Every structure is written in structure tokens, then in C-alpha cells.
Amino acid sequence: MKSEWFDPHKSFLSLKIVWVMISILLAISISSTSVIVVNSDLKSDFSYSGFNYFISVFKFPLAIAALIIPIVALLAANHRSEQTKEQIRVTNSQNVFSNYYKHIEEFTKYLEVRVEKSVDLRFAHNNLYPNASDGEYNLSPKVMALLSDLDSVTSEVLKHYPTDINIPLDIDVIKKYYAIINEMYSFIFRDRDDYRKYITYRKPDNHGDSYLFKSKSLIQHSLAAVNILEEACKFSIEYISPVKHLNFNAKELENVYVYKKTENQVTLAFQPQNKEQTFEEANDIFVDFLKSNMASA
């Protein structure tokens with residue numbers, strides 16, 4: 001029978017179906033009794049034979065009335081079953097609620113010492129685990145897809161290496177990957193102003209608009225975004241990183257620079273000095289780095 005007939009929040013005797021069934025059986029029993037009385041030549045006899053005869057004559061209506069007991073017992077059993085189901089549901093709901101806030105608490109403890117203070121941990125948790133309030137703690141498939149998409153940035157940059165090193169990186173490539181970076185940051189920051197500093201491009205005085213420095217900056221920003229988001233994802237013990245290329249140390253790009261000492265430069269002997277490096281040499285080092293990154297994945 002439909003659950004709405006057995007409201008677990010009501011007592012058994014206040015259920016409408018109980019009285020409906022009793023009324024139907026009593027109505028059939030009384031109706032059949034009336035039909036027998038009207039169509040039979042009955043006489044009063046209060047002896048034992050009269051009572052036995054009464055039972056024999058009214059066997060059908062008595063049997064219908066007797067059905068009330070097992071049917072009511074069956075309804076009572078079903079009502080208890082519905083109440084048990086409701087108790088289990090409430091208990092599970094309370095457990096889910098408790099586990100949800102415990103998950104947030106542990107997530108916050110784990111990340112508050114691993115990411116910048118500007119990261120909104122409660123907001124990040126809600127986005128990374130969109131179904132956590134329902135008791136499902138799987139990472140958002142969209143986050144995994146974004147990490148995988150951004151991981152192709154090094155191969156894409158290498159593929160668009162220009163014939164003239166003074167030409168900038170293809171604008172469509174820049175727009176594509178910065179859009180991914182922005183979307184990734186939107187999972188852990190509420191506002192763009194909170195992560196604007198992570199996507200700032202400090203253009204060098206010389207060759208700042210070239211392929212070399214535009215590409216280097218894009219890869220550095222991609223690496224920073226991956227590192228922050230993966231740090232959050234690693235809270236899940238089931239997390240398997242889809243990142244194969246953007247897993248190097250940012251310092252590996254420090255060899256990509258253009259530098260020439262000025263004639264009147266005076267430096268202290270104990271200060272580390274960059275060796276002179278031309279724009280062409282920096283491009284060669286950068287391309288070798290990209291190829292090495294692709295080969296090691």
C-alpha cells in the first residue's frame with residue numbers, strides 16, 4: 001500500500017486507512033446480516049440449539065466481521081514498518097549532517113596551513129565537493145576536467161612556436177588557457193580580486209611582448225593554478241592527479257631569461273650573478289625545456 005496511507009508520524013489508531021477498512025468490513029457484515037434476516041423465517045430461541053443455529057445461519061457475516069482482526073493486525077505491522085523506515089531515514093540524515101560538517105572541519109584544518117589565507121576554504125569545499133551535503137564526497141568532475149585541460153598548455157605552447165621569435169604567442173592560445181585558469185581559481189576564490197595577483201603578468205623591459213615571455217608567463221600562471229587546486233584536491237585520499245606535464249618545480253624556468261651586464265655595473269663579489277644570455281639563447285633554452293617536459297611525461 002502507498003506510504004501516504006501510513007504516516008509514520010501518526011499513531012496507528014489515527015490512521016484513516018484503519019477506520020476505512022473496519023468500516024467497509026462492518027458494512028458488508030451488517031448488510032449481509034440484514035439480507036439474511038429479511039429473507040429468512042427466523043424465530044427467537046435462547047437455548048443452546050438456538051445459539052448454534054444462529055452461528056450456522058449468520059456464518060458469512062460473522063466471518064466477514066472476524067476478518068477485521070487479521071486485517072487490522074496486518075495494517076499495524078505495515079505501520080510499524082513505515083515507522084522503522086522513518087527512524088532509519090532520520091538516523092541516516094543525522095549521520096550525513098554530522099559527517100558533512102566533520103568533513104568541512106577536517107578539510108579546513110588540512111588546507112589552512114597549505115594554501116594562502118586569501119583562499120576561501122568553506123567556499124572551496126562547497127565547489128570541490130558539490131554533493132557533500134548528501135553524503136557523497138567525490139571530487140567535482142569539472143575540477144578534474146579543468147586540471148586535465150590545463151595540463152596540455154606546454155604542448156600547445158610548443159606547437160605554436162613561431163618562425164620569428166619576436167612574434168608573440170597566438171592570442172587564441174592565451175585566451176583559451178587563461179580562461180581555464182580563471183575558471184579553476186573560481187572554485188576556491190569568491191571574487192576575481194582575490195586571485196588577481198596570481199595572474200598578473202610582469203612584462204620585462206625588453207622583448208616583453210614576445211612569444212618567449214608571453215609563453216613563460218602563461219606556463220608559470222598555469223603551474224601556480226594547478227598547484228593551488230591540486231593541494232585542495234589532495235585532501236581526498238582517492239584523488240588521482242590527471243596532471244602529467246605541469247608537475248615540475250617553478251624554479252626550472254629560472255634559466256629562461258635575457259641578461260647583459262652594463263659596462264659600469266658594480267657588484268659585490270659574494271652576490272650570485274646571472275651569466276649573460278641573449279634573447280636567442282633564452283628561446284633555445286625555453287624550447288628545450290618544453291621538449292624535455294613533453295618527453296618526461
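The values are calculated or read from the model by the stated rules, or taken from the named source; none is laboratory data. Note that this is a predicted model, so its numbers are computed, not measured. Don't worry about glycine lacking a Cβ; one is built from the backbone with ideal geometry, like all the others, and counts go over all protein chains shown.
Residue check: Ser236 meets all listed conditions (1) at pLDDT below 90; (2) in contact with a Leu (Cβ under 7 Å, 6 or more places away or on another chain) but one, namely (1).
The condition (being modelled with pLDDT under 90, in contact with a strand residue (DSSP E or B) (Cβ under 6 Å, 6 or more places away or on another chain) and outside any helix (DSSP H, G or I)) is satisfied by just one residue among Asn264, Asn274: Asn274.
Of everything in region 82-120, what is of a type in the set (Gly, Ala, Ser) and surrounded by 13 or more Cβ atoms within 10 Å (Cβ to Cβ)? Give them in sequence order.
Selection gives Ser118 alone.
Tallying residues that are more than 30 Å from Tyr129 (Cβ to Cβ) and of a type in the set (A, V, I, L, M, F, W, C) within region 197-239 yields 2.
Beta carbons closer than 8 Å, at least 6 apart along the sequence or on distinct chains, never pair a first residue in region 90-101 that is more than 11 Å from Ser133 (Cα to Cα) with a second that is among the polar types (S, T, N, Q). Kindly check whether there is at least one residue in region 207-214 that is surrounded by fewer than 21 Cβ atoms within 10 Å (Cβ to Cβ) and among the polar types (S, T, N, Q). No, that holds for no residue.
Restricting attention to region 172-182 and to residues that are of a type outside the set (Phe, Trp, Tyr) and over 13 Å from Ser148 (Cα atoms), the residue that is nearest to the chain's Cα centre (by Cα) turns out to be Asn182. Regarding Ser140, is this residue surrounded by 15 or more Cβ atoms within 10 Å (Cβ to Cβ), under 21 Å from Glu183 (Cβ atoms) and among the small types (Gly, Ala, Ser)? Yes.
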